[in-house]
Amino acid sequence: MSSSDIVLGPNQYGKAEVRVVRVNRETPVHTLVDLNVSSMLRGDFTECYTSGDNTRVIATDTQKNTVYAFAKEHGITTPEQFLLLLGQHFTGQAEVSGGRWSAESYPWERIRVPGPDGTLTEHEHSFVKSKQEIRTAALTIADGVEHLVGGFSDLTVLKTTGSEFSGYPKDRYTTLPETDDRVMATDITARWLFAAGAEGQAAAGAVDFDAVYARVKQIVLEQFALVHSLSLQQTLYAAGEAVLGAIEEIEDIRFVMPNNHHYVVDLSPFGLENPNEVFQAGDRPYGLMNASVTRRGAPARPQAWEWIAGFC
């Protein structure tokens with residue numbers, strides 16, 4: 001095979017995991033945003049890869065510095081809005097035709113301390129890191145079109161009943177017993193694609209990203225708790241259906257849900273009964289559910305999901 005038969009395929013480059021913490025000190029009650037930002041640029045960078053010509057390459061260090069400078073100059077209201085600022089800035093440069101910008105937002109809560117009357121109040125500038133889910137956002141710009149995705153990862157939930165699993169095919173390798181009462185637990189990762197045009201609304205301030213995020217999380221938790229589940233797949237679809245039914249700005253929501261198995265421990269060798277009270281929490285292997293719930297007739301937007309690991 002000659003070198004003329006080999007060409008560069010799809011590519012992007014940038015600065016990954018830029019940790020930026022922005023403190024707003026405009027009032028005595030400080031606010032804090034803690035992001036992990038990645039910037040990946042796309043364009044005609046073939047000569048950089050094939051011959052080492054860097055004349056079109058915006059240094060990854062420059063991308064890192066832009067994150068810090070924008071945090072000061074523009075502040076950070078939401079991760080989605082911050083990524084839109086970055087994406088529009090970089091695609092305004094001649095060398096860049098598109099790219100992907102992503103962020104993880106780490107939650108902090110105010111420490112509660114006794115006030116003058118002894119009741120607990122939120123401290124003005126002291127925080128404790130929350131151990132709940134991590135908020136995520138991703139922006140892809142391709143062919144001049146913005147694809148904005150919100151989301152969260154590692155929202156760990158468990159229900160002690162209200163879940164069963166039965167009626168599945170069985171063969172010589174099937175050992176799993178059917179059950180009409182089991183513990184169901186998972187670590188929910190969800191990402192939702194804002195409808196075409198919503199990005200423009202966002203730039204105009206018409207989309208309240210914080211409100212959308214809070215509503216999606218609440219709906220997903222409600223469905224997990226309230227749906228009597230015949231399978232984790234059924235719970236996943238019910239959550240997606242409820243989100244799309246309630247939030248018109250979202251056209252597609254995708255989930256990754258591992259089945260965090262809990263096995264009833266056999267206590268009979270010790271003369272003890274175990275009516276679903278003592279469990280062994282399984283580690284691996286585990287079931288893994290991955291699906292998209294979308295609006296009928298929504299335009300296909302595969303570029304929104306490219307390079308996002310774990311999503312179909």
The correct count of residues that are outside any strand (DSSP E or B) and surrounded by 11 or more Cβ atoms within 10 Å (Cβ to Cβ) in segment 88-114 is 10
Exercise for the section: Scan segment 62-85 and give yes if some residue there is open to solvent by less than 50 Å² (accessible area, probe 1.4 Å), among the acidic types (D, E), in the same structural domain as K15 (by TED's automatic domain parsing) and out of contact with any His (no Cβ under 8 Å at 6 or more places or on another chain), otherwise no. Expected result: yes
Expected output for segment 92-114 (first residue within 20 Å of P79 (Cα to Cα), partner open to solvent by 40 Å² or more (accessible area, probe 1.4 Å) and in a loop (DSSP other than H, G, I, E, B), Cβ below 6 Å, 6+ apart or cross-chain) is R100/W307
Exactly one of T186, T179 is more than 21 Å from E222 (Cβ to Cβ) and touching a Ser or Thr at 6+ places or on another chain (Cβ under 8 Å), and that one is T179
Considering only strands (runs of 3 or more DSSP E) wholly within segment 115-195, the ones with at least 3 residues that are hydroxyl-bearing (S, T, Y) and in contact with a Gly (Cβ under 9 Å, 6 or more places away or on another chain) are none
The residue that is farthest from the chain's Cα centre (by Cα), considering only those in segment 145-188 that are open to solvent by less than 30 Å² (accessible area, probe 1.4 Å) and of a type in the set (S, T, N, Q), is S163
Counted residues in segment 33-57 being over 30 Å from V212 (Cβ atoms) and touching a strand residue (DSSP E or B) at 6+ places or on another chain (Cβ under 6 Å) come to 0
Check: Within segment 42-49, can one find any residue that is open to solvent by 70 Å² or more (accessible area, probe 1.4 Å) and in a helix (DSSP H, G or I)?
Finding: yes
Residue pairs qualifying under the 6 Å Cβ cut-off, at least six apart or on distinct chains, with the first in segment 145-161 being at negative phi and the second being exposed (fewer than 14 other Cβ atoms within 10 Å of the Cβ), are T161/D181
Residue count, segment 117-159, condition touching a Pro at 6+ places or on another chain (Cβ under 6 Å) and at pLDDT below 95, comes to 1
Of the candidates V20, V37, the one satisfying the condition of being in contact with a Leu (Cβ under 6 Å, 6 or more places away or on another chain) and either surrounded by 15 or more Cβ atoms within 10 Å (Cβ to Cβ) or at pLDDT 95 or above (or both) is V20
Okay, helices (runs of 4 or more DSSP H) sitting entirely in segment 197-312 with 1 or more residues that are modelled with pLDDT under 95 and loosely packed, with under 14 Cβ neighbours inside 10 Å, I get 198-203
Within segment 260-312, restricting to residues that are more than 29 Å from the chain's Cα centre (by Cα) and of a type in the set (A, V, I, L, M, F, W, C), the one that is farthest from E178 (Cα to Cα) is F270
Those residues of segment 127-144 which are surrounded by 12 or more Cβ atoms within 10 Å (Cβ to Cβ) and either of a type in the set (G, A, S) or in contact with a helix residue (DSSP H, G or I) (Cβ under 8 Å, 6 or more places away or on another chain) (or both) amount to E133, R135, T136, A137, A138, L139, T140, I141, A142
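The values are calculated or read from the model by the stated rules, or taken from the named source; none is laboratory data. Computed from a predicted model, the values in this text were never measured in an experiment. Note that each Cβ is placed from the backbone with ideal geometry, even for glycine, and that neighbours are counted across all protein chains shown. These accessible areas exclude ligands, DNA and RNA; they are computed on the full protein's heavy atoms, side chains included. Shrake-Rupley method; radii C 1.70, N 1.55, O 1.52, S 1.80 Å.
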